[in-house]
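Student: Take a look at the following structure, please.
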Amino acid sequence: MNSTSPRRRFARAAVAGIALTGLLAACGGSGSGDDSSSGASGPVTLPFWGWANGHELVVKAFNATHKDVQLKYTKVTDQLTMQKQLTNAVKAGNAPCLVQNTAEYVTSWVSQGALADLTKYVGSSKDKFNPGSWAAGQVQGKTYGVPTASAPAFTIYRTDIFQKYGLKAPATWDDFIAAGKELKKHGIKITNYAGEDPSTLEVLAMQAGAHWYSIDGNSWKVDFQDAGTLKAAKVIQEIIDNDLNSQLSFADYAAVQRNYDNGGTATRQISTWQMAGMVQNFTKSFGQWALTPWPTFTGEAAKTPAGTNQSGGVTLVPEQCKYQKQAAEAALWMSTDTEAVKTMASPTTGNGVMPALADSDTYVGEAISEKLLGANYQPGQQVVKDSLKTVTSDWTFGPNWTAMFTELQAGWGKVVSKQQKITDLLAHMQEWTVNDLKSRGISVKG
């Protein structure tokens with residue numbers, strides 16, 4: 001939601017631990033390519049593909065401290081480019097040994113038999129990570145990815161604007177809508193819904209307890225019309241119907257940021273990394289922003305959706321890698337070594353995302369911007385820490401998630417422009433997703 005690249009907002013993958021038969025088009029990796037590698041002479045070189053800032057420094061540090069294993073880093077342009085290049089590499093039989101990726105793709109890659117099962121190498125390290133992050137690399141009780149990032153999510157809002165019009169930071173979605181109606185009287189929008197980015201619907205549904213994909217016996221179950229989804233849809237529809245949202249596309253990211261800086265839109269639901277873009281583009285409103293918890297549904301406890309862009313990060317090991325054990329251990333080192341984690345968490349040396357570690361509190365101060373928050377910097381740290389404790393860990397990504405999300409995008413634009421109701425879009429997605437899974441030979445109910 002409110003991301004710089006609408007196809008890259010990601011949540012956690014958690015799937016019940018039952019047999020793969022009938023659920024995926026193919027089985028996951030068997031991890032058969034590693035044990036014979038122990039007798040290799042000389043240092044083992046592991047190709048590593050990624051796109052995040054900071055990887056070069058982490059690789060340099062790893063290579064300086066490891067004699068028997070070396071990483072060879074290749075920087076890929078971005079997330080979508082990674083999927084294309086990895087697809088081509090898997091088909092050609094020359095996939096790298098380590099790949100930066102995000103949770104939404106894990107199940108799809110497992111269904112293609114492209115990933116190694118890392119359970120026996122890293123499964124004992126589960127307690128080092130927070131539950132939401134650990135779930136990102138899980139498919140049916142097996143570990144296919146080592147988590148690299150967590151997903152704190154919260155609201156950032158303009159304190160000067162809220163104070164001017166006698167408003168308090170919205171604690172619930174009802175409060176949020178009420179504040180939006182008051183701000184509308186003064187020509188200010190409370191949020192921005194980009195027509196190409198349906199992650200707004202995804203994360204609110206996630207928070208409301210929806211499950212678009214789940215497992216029932218030996219089949220996938222699809223439900224875009226469950227109680228949680230409809231509860232989320234009601235909130236979003238009211239915001240759209242009352243014209244409380246801007247409709248600025250992230251295709252012109254600088255323009256979106258100027259709108260926030262100039263006070264045209266007063267809040268965002270974001271994660272830590274997005275502050276870097278605000279700091280880089282703002283000129284007027286430094287010190288006038290504060291953090292408050294993600295709004296709750298009235299009467300419900302705090303629940304942070306694990307769906308912000310670039311969160312749910314994992315390092316994957318392709319099945320074709322001949323040195324799976326070494327690759328898994330290298331991935332674990334990059335996610336747990338203190339200096340490596342600091343490098344990646346910093347918006348200066350890395351990409352500003354929160355670590356996936358069980359105790360990430362010590363990194364919060366580095367991951368949020370004192371320049372942006374001013375006097376609200378210290379209380380803002382507590383908001384982030386609290387958010388990390390309520391991240392959703394039961395969301396499931398289906399094996400056709402990428403195709404499904406593309407279809408969802410097309411309909412979301414019509415919703416934002418009031419050409420279609422959200423409930424109509426959800427009914428379409430229900431039918432479309434079931435048919436698409438069937439066309440792929442995947443057992444499905446719905």
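Any read-out appearing in this document is the output of simple, stated calculations on the displayed coordinates, not a laboratory observation. Note that this is a predicted model, so its numbers are computed, not measured. Cβ atoms come from the backbone with ideal geometry, glycine included; neighbour counts cover every protein chain shown.
Student: Could you tell me which trypsin sites (Lys or Arg not before Pro) in region 397-437 are loop residues by DSSP with no more than 14 other beta carbons within 10 angstrom of their beta carbon?
Tutor: LYS418
Student: For the residues VAL76, VAL444, what sequence is obtained by ranking on other C-beta atoms within 10 Å, fewest first?
Tutor: Listed from fewest to most nearby Cβ atoms, that is VAL76, VAL444.
Student: Can you tell me the 0 to 90 degree angle between the C-alpha axis of helix 324-336 and the longest principal axis of the chain, rounded to 10?
Tutor: Its long axis makes an angle of about 30 degrees.
Student: Whole-Hz ³J(HN,Hα) for each residue in region 182-188, computed from phi via Karplus 6.51 cos²θ - 1.76 cosθ + 1.60 with θ = phi - 60°, x for glycine and proline: what do you get?
Tutor: Going residue by residue, I get 5, 5, 4, 4, 10, x, 10 Hz, with x marking Gly and Pro.
Student: Quick one: Karplus J couplings for region 277-286, per residue in order, coefficients 6.51, -1.76, 1.60, θ = phi - 60°, nearest Hz, x for Gly and Pro?
Tutor: These are the phi-based 3J(HN,Hα) values: x, 5, 4, 5, 10, 7, 9, 10, 10, 4 Hz.
Student: Note the full-extension length gain between GLN247 and THR402 as 0.36 nm times their separation in residues minus their Cα-Cα distance, in nm to one decimal.
Tutor: Value of the extension gain: 53.4 nm.
Student: Modelling each spin label as a point 7 Å along the Cα-to-Cβ direction, I'd like the LYS168/GLN409 distance in nm, to one decimal.
Tutor: My value for the distance between the label points is 4.0 nm.
Student: Which residue, ALA255, VAL235, MET275, has the largest displacement toward the positive end of the dipole of region 216-287 when charges sit on each Cβ (Lys, Arg +1; Asp, Glu -1)?
Tutor: MET275
Student: Per Stokes-Einstein, at 10 °C and 1.306 mPa s, what whole-number D in µm² s⁻¹ belongs to region 287-432, with the Kirkwood radius over Cα pairs as the hydrodynamic radius?
Tutor: 85 µm²/s
Student: Relative contact order of the chain, please, whole-number percent, based on alpha carbon pairs below 8 angstrom and at least 6 residues apart.
Tutor: 30 percent
Student: At 222 nm, what value in deg cm²/dmol follows for the chain if DSSP H runs of at least 4 each add -39500 (n - 2.57) and the sum is divided by all its residues, to the nearest 500?
Tutor: That calculation yields -11500 deg cm²/dmol at 222 nm.
Student: If you place +1 on the Cβ of every Lys and Arg, -1 on the Cβ of every Asp and Glu, and leave all else neutral, what size is the dipole of region 193-305 about its Cα centre, to the nearest 20 Debye?
Tutor: 360 debye
Student: Further question: Given the options GLN83, GLN247, GLN274, state which has the largest fluctuation in a GNM of the chain using a 10 Å cut-off (strictly under) for Cα springs.
Tutor: GLN83
Student: Okay, moving on. What ranking do SER285, SER249, SER133, SER111 get, fewest neighbouring Cβ atoms within 10 angstrom at the top?
Tutor: SER249, SER285, SER111, SER133
Student: Find which of TYR363, ALA345, GLY287 sits farthest along the positive direction of the dipole of region 274-364, computed with +1 on the beta-carbon of Lys and Arg, -1 on that of Asp and Glu, about the Cα centre.
Tutor: Most positive-ward Cα: GLY287.
Student: Counting only residues 5 or more places away or on other chains, whose amide H sits under 5 Å from the amide H of VAL69 once H atoms are built in the peptide plane?
Tutor: Amide H to amide H, under 5 Å and 5 or more residues apart or across chains, VAL69 pairs with VAL44.
Student: Using Cα springs under 10 Å in a Gaussian network model of the chain, which residue among THR336, THR81, THR349 shows the largest mean-square fluctuation?
Tutor: Of THR336, THR81, THR349, the Gaussian network model singles out THR81 as fluctuating most.
Student: For a bin width of 5 Å, list the pair-distance distribution of region 117-244 built from all Cα-Cα distances, rounded to whole %.
Tutor: P(r) for region 117-244, in whole percents per bin: 2, 9, 14, 15, 15, 13, 11, 9, 6, 4, 2, 0.
Student: Calculate, in nm to one decimal, what ALA92 and LEU80 gain on full extension: separation in residues at 0.36 nm each, minus their alpha carbon distance.
Tutor: 2.4 nm
Student: I would also like to ask the following. What is the Cα centroid distance between region 148-191 and region 76-142, reported in whole angstrom?
Tutor: Cα centroid of region 148-191 versus Cα centroid of region 76-142: 36 Å apart.
Student: While we're looking at this one, here's another question. Tell me the GluC sites (Glu not before Pro) within region 280-351 that lie in a loop according to DSSP and have at most 15 other beta-carbon atoms within 10 Å.
Tutor: Numbers: sites: GLU300, GLU319, GLU329, GLU339; in loops: GLU300, GLU319.
For GluC sites (Glu not before Pro) across region 280-351 that sit outside H, G, I, E and B with at most 15 neighbouring Cβ atoms in 10 Å, the list reads GLU300.
Student: Right, here's the next one. Name the residue from GLY217, PHE129, GLY180 whose Cα lies farthest towards the positive end of the charge dipole of the chain, charges +1 on Cβ of Lys and Arg and -1 on Cβ of Asp and Glu.
Tutor: GLY180
Student: In addition: Assign one of three labels to the chain, namely rounded, prolate or oblate, based on the Cα gyration tensor with a ≥ b ≥ c the square roots of its eigenvalues; rounded applies when a/c is under 1.5, prolate when it is not and a/b is larger than b/c, and oblate otherwise.
Tutor: In terms of gyration-tensor shape, oblate.
Student: A 32 angstrom limit on the alpha carbon distance is what I want to check against. Which of LYS184/LYS303; LYS389/LYS438; LYS67/LYS342; LYS184/LYS221 exceed it?
Tutor: LYS389/LYS438; LYS184/LYS221
Student: Right, something else. What residue among GLY93, GLY137, GLY413 shows peak mean-square fluctuation when the chain is described by a Gaussian network model with Cα springs under 10 Å?
Tutor: GLY93
Student: Can I ask one more? For a quick check: with amide H placed at 1.01 Å from N, whose amide H comes under 5 Å from THR172's, ignoring anything fewer than 5 positions away on the same chain?
Tutor: THR296
Student: Next question, about the same structure. Quick one: Karplus J couplings for region 115-132, per residue in order, coefficients 6.51, -1.76, 1.60, θ = phi - 60°, nearest Hz, x for Gly and Pro?
Tutor: Once θ is set to phi - 60°, the couplings for region 115-132 become 10, 7, 7, 9, 3, 6, 9, 10, x, 6, 9, 3, 5, 6, 10, 6, x, x Hz.
Student: Please give the charge dipole size of the chain, origin at the Cα centre, charges +1 on K and R Cβ atoms and -1 on D and E Cβ atoms. Round to the nearest 20 debye.
Tutor: 440 debye
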